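Working notes, beginning with the structure itself.
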Amino acid sequence: MTETFTFELKNTDGKARLGLVSMPRGEIRTPAFMPVGTVGTVKAMYLDQVRDLGADIILGNTYHLMLRPGAERVARLGGLHNLIRWPYPILTDSGGFQVMSLAALRKIDEQGVTFKSHVDGSLHEMSPERSIEIQGVLDSDIQMQLDECVRLPAERDDIKRAMEMSVRWAERCKVAFGDQPGKAMFGIVQGGDIPDLRVQSAEALKSLDLKGYAVGGLAVGEPQAVMLDILDATLPVLPGNKPRYLMGVGTPDDILKSVARGIDMFDCVMPTRSGRHGLAFTRRGKVNIRNARHAEDLRPLDEESSCPASRDYSRAYLHHLIRANESLGGMLLSWHNLAYYQELMQGIRAAIAENRFQAFYDETIATWEAGDIAPL
């Protein structure tokens with residue numbers, strides 16, 4: 001660990017990157033998957049379990065935490081790390097995406113966003129400065145700039161306006177963040193599905209010399225090919241000595257293909273949300289445990305996994321729990337999914353370290369495509 005925020009690029013294999021983020025609360029091995037702890041909890045999981053699975057960092061949500069229990073209350077209770085018993089790094093998003101997607105009523109102008117809470121209808125203002133202030137009060141380690149995320153599809157003029165304002169907000173966020181030793185503020189590349197606007201955004205943010213850069217506004221319903229094309233256009237513009245974070249992504253396939261293009265960090269609710277609804281991600285691809293074929297299948301989800309949820313419980317039992325709407329079913333499948341995501345990241349890191357990423361990539365996709373067929 002270190003008293004400052006640093007990023008070391010340890011190896012490259014093609015465009016795939018092996019790195020290490022060091023900061024006072026711990027090290028983050030990259031490529032990294034960050035489980036999402038929206039309101040101070042990774043749903044259906046104990047944080048001790050999350051750590052034991054290999055997570056170096058989790059994500060918290062500024063919008064949700066400012067509404068309840070309230071950022072100032074969290075601070076009075078000793079900060080987010082102490083409150084949730086997670087002494088390791090935490091990244092907080094800016095709240096911008098949730099304002100756009102959840103707030104009952106919102107008004108956006110150059111100053112920021114005014115919105116009504118989806119919880120109780122109370123009125124709030126979120127400026128770039130206030131977003132950074134809230135994240136500081138929460139005492140998060142990596143803080144994200146406030147940005148405007150436009151719903152796709154959208155007209156070029158609307159995407160361009162939002163992108164340019166997001167760049168101006170990034171400048172204000174940098175000033176508000178100031179000099180916080182051991183912490184970092186990341187900028188967010190916007191520009192929708194238009195490559196030249198993404199390049200323009202990336203160039204402008206690069207000139208701010210921030211400690212890290214995210215690609216936002218993707219994985220919101222566009223085809224995977226569009227997301228990958230945007231990464232191909234954007235990543236060469238971003239500085240190679242800073243971490244690159246793809247926000248809200250995604251499936252194991254999304255992650256593997258994005259690592260191949262040079263992404264270092266990911267977050268997504270998918271492993272826990274899918275687990276609560278009966279969908280498991282495995283080495284052999286997706287398994288919908290609700291399907292009747294699992295009703296008398298005594299095999300575990302993955303007999304080779306070190307995770308008890310993956311290795312020690314039969315598919316028949318998991319099928320029963322999910323079909324009976326028992327909370328244990330969602331807990332076990334969330335545990336399994338997060339274990340698989342971390343095992344995937346561990347495999348990716350080892351492959352890059354040994355300069356065999358392409359072979360790992362090909363083998364992983366082939367195994368997913370071969371599928372998971374129950375015995376007759």
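The values are calculated or read from the model by the stated rules, or taken from the named source; none is laboratory data. The structure presented is a predicted model; accordingly, all values stated were derived computationally and were not measured. Cβ coordinates were reconstructed from backbone atoms using ideal geometry, including for glycine residues, and neighbour counts include every protein chain displayed.
Candidates ALA184, ALA202: the one that is out of contact with any Ser or Thr (no Cβ under 9 Å at 6 or more places or on another chain) and either over 27 Å from ILE134 (Cβ atoms) or modelled with pLDDT of 95 or more (or both) is ALA184.
When you check ILE352 against the structure, is it under 28 Å from LEU20 (Cβ atoms), of a type in the set (Val, Ile, Thr), in a helix (DSSP H, G or I) and touching a strand residue (DSSP E or B) at 6+ places or on another chain (Cβ under 9 Å), yes or no? Yes: the conditions hold for ILE352.
Whether any residue in region 183-199 is at positive phi, free of Cβ contacts under 8 Å to residues at least 24 places away in the same chain and assigned by TED's automatic domain parsing to the domain that holds ARG25 is what I want to check.
no
Looking only at region 269-284, decide whether some residue is of a type in the set (A, V, I, L, M, F, W, C) and either within 25 Å of LEU20 (Cα to Cα) or out of contact with any strand residue (DSSP E or B) (no Cβ under 9 Å at 6 or more places or on another chain) (or both). Within region 269-284 (the criterion being of a type in the set (A, V, I, L, M, F, W, C) and either within 25 Å of LEU20 (Cα to Cα) or out of contact with any strand residue (DSSP E or B) (no Cβ under 9 Å at 6 or more places or on another chain) (or both)), the answer is yes, since at least one residue qualifies.
The strands (runs of 3 or more DSSP E) found wholly in region 89-200 and carrying at least 2 residues that are surrounded by fewer than 16 Cβ atoms within 10 Å (Cβ to Cβ) occupy 106-109, 123-126. Scanning region 330-376 for residues that are loosely packed, with under 14 Cβ neighbours inside 10 Å, aliphatic (A, V, I, L, M) and more than 22 Å from ALA32 (Cα to Cα) returns ALA366, ALA370, ILE373, ALA374, LEU376.
One residue alone among SER305, SER327 is at pLDDT 95 or above and surrounded by 13 or more Cβ atoms within 10 Å (Cβ to Cβ), and that residue is SER305. Collect the residues in region 219-241 that are buried (at least 20 other Cβ atoms within 10 Å of the Cβ) and either among the basic types (Lys, Arg) or under 18 Å from the mean Cα position of the chain (by Cα) (or both), keeping them in residue-number order. Within region 219-241, ALA219, MET227, ILE230, LEU231, LEU235 meet the criteria.
For region 294-318, which positions are part of a helix (DSSP H, G or I), over 21 Å from TYR341 (Cα atoms) and without any contact (Cβ under 8 Å) to a residue 40 or more places away in the chain?
ALA316, TYR317
In summary, GLY216 fulfils each of the numbered conditions (1) more than 19 Å from the chain's Cα centre (by Cα); (2) under 23 Å from ILE90 (Cα atoms); (3) surrounded by 15 or more Cβ atoms within 10 Å (Cβ to Cβ); (4) in contact (Cβ under 8 Å) with a residue 40 or more places away in the chain with the single exception of condition (1).
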